[in-house]
1. Say we look at segment 59-70 and pick out the residues that are in a helix (DSSP H, G or I) and among the acidic types (Asp, Glu); which of these is modelled with the lowest pLDDT?
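The values are calculated or read from the model by the stated rules, or taken from the named source; none is laboratory data. Values in this document were obtained by computation on a predicted structure and should not be read as measured data. Heads up, the Cβs are rebuilt from the backbone with ideal geometry, glycines too, and the neighbour counts pull from every protein chain shown.
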Amino acid sequence: MSDGNAKGWSSLCQGVSAILIVWILVLPWIGSRQWVRSRIEYLDRHGIDPAALYYTDLEAMERIESDVAAISQQHPDAFWSMRTNIESARGVVP
C-alpha cells in the first residue's frame, strides 16, 4: 500500500471512529440529562413529533388547518395573502 493510500485509510478510520464515539457515547449521555428529558416529555405531552419533516406531518395540524379555514371564511382579510399584497403594492384597495 502506498503512503498516500495509508493516510487516506487512516483518516477514514479516524473519522468513522469519531462518528461512532459521538453516536454511541456522547448522544446517549446528552439524552440522559434532565433538561433534555424534560423537553422530550414536554413534546410527548403535547403530541409533537420532533422528527416530523414539516408541520403538516403533525397530528395537531388537521385541527389547526380547520380552525384557520373557518377564520378565513368568517374574516377574509384576517390573514395575509398574495392577492392582497399585490393589490396593496399597486395601490388597489380591495
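1. Start the filter on segment 59-70 by keeping residues that are in a helix (DSSP H, G or I), which leaves 60-70.
Next cut, among the acidic types (Asp, Glu) only: 62, 65, 67.
Numbers: 62: 80, 65: 83, 67: 88.
Applying the filter and picking the extreme gives 62.
So that you can scan it fast, the table gives a plain yes or no per residue for (1) surrounded by 10 or more Cβ atoms within 10 Å (Cβ to Cβ); (2) at pLDDT 70 or above:
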position: 3; (1), (2): no, yes
position: 11; (1), (2): yes, yes
position: 16; (1), (2): yes, yes
position: 30; (1), (2): yes, yes
position: 34; (1), (2): no, yes
position: 46; (1), (2): no, yes
position: 50; (1), (2): no, yes
position: 72; (1), (2): yes, yes
position: 90; (1), (2): no, no
